[in-house]
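To start, the structure under review is shown below, and the notes come after it.
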Amino acid sequence: MAIVETTIVPLGTATTSISHYVAACHRILQEQHGIAYQLTPMGTIMEGELDVILQTIRKMHEVPFQEGALRVSTTIRIDDRRDKNASMAEKVNAVQEKLTK
């Protein structure tokens with residue numbers, strides 16, 4: 001299972017506000033099965049099978065164009081650990097445990 005962080009930024013828009021683009025992208029995630037996700041102030045973190053996540057990001061990348069953006073910049077960071085299963089929650093818990101020591 002992979003953990004992937006993505007940021008999709010529409011460029012060439014009439015305003016600096018992009019929350020409606022983010023909401024439109026998240027509608028794609030709401031329809032997708034097999035991906036856990038977390039919206040953050042600077043991007044979205046997803047957990048699931050890498051191929052499914054990448055296909056989903058591809059769909060999300062198209063959303064700003066459909067919403068009128070003239071250019072889109074998408075950044076993807078992948079944490080693909082294969083020696084053991086890891087989840088978003090486990091990664092956070094590991095750090096929180098160390099903070100209490």
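The values are calculated or read from the model by the stated rules, or taken from the named source; none is laboratory data. Keep in mind that what you see is a predicted model, and the values were worked out from it rather than measured. Methodologically, a virtual Cβ is constructed for each residue, glycine included, from the backbone with ideal geometry; neighbour enumeration extends over all protein chains shown.
Listed here are the residues, each with its yes/no results for (1) at pLDDT 90 or above; (2) of a type in the set (A, V, I, L, M, F, W, C).
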{"site": "A2", "(1), (2)": "yes, yes"}
{"site": "T7", "(1), (2)": "yes, no"}
{"site": "T15", "(1), (2)": "no, no"}
{"site": "L39", "(1), (2)": "yes, yes"}
{"site": "D51", "(1), (2)": "yes, no"}
{"site": "L54", "(1), (2)": "yes, yes"}
{"site": "M88", "(1), (2)": "yes, yes"}
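Name the residues in segment 5-38 that are crowded, with 17+ Cβ neighbours inside 10 Å, among the hydroxyl-bearing types (S, T, Y) and outside any helix (DSSP H, G or I), would you?
T6, T13, Y37
For segment 41-58, indicate whether the set of residues that are free of Cβ contacts under 8 Å to residues at least 60 places away in the same chain, in contact with a helix residue (DSSP H, G or I) (Cβ under 7 Å, 6 or more places away or on another chain), surrounded by fewer than 17 Cβ atoms within 10 Å (Cβ to Cβ) and not in a strand (DSSP E or B) is non-empty.
No; the residues of segment 41-58 include none that is free of Cβ contacts under 8 Å to residues at least 60 places away in the same chain, in contact with a helix residue (DSSP H, G or I) (Cβ under 7 Å, 6 or more places away or on another chain), surrounded by fewer than 17 Cβ atoms within 10 Å (Cβ to Cβ) and not in a strand (DSSP E or B).
For a quick check of your reading of the model, give me the residue pairs whose first member lies in segment 5-31 and is in contact (Cβ under 8 Å) with a residue 40 or more places away in the chain, whose second is in a helix (DSSP H, G or I) and surrounded by fewer than 11 Cβ atoms within 10 Å (Cβ to Cβ), with beta-carbon atoms closer than 9 Å and at least 6 apart or on different chains.
Here the result reads A24/Q66, each pair linking segment 5-31 to a residue that is in a helix (DSSP H, G or I) and surrounded by fewer than 11 Cβ atoms within 10 Å (Cβ to Cβ).
Mind checking which residues of segment 70-96 are under 19 Å from the mean Cα position of the chain (by Cα) and among the hydrophobic types (A, V, I, L, M, F, W, C)?
Residues satisfying the conditions are V72, I76, I78, A86, M88, A89, V92.
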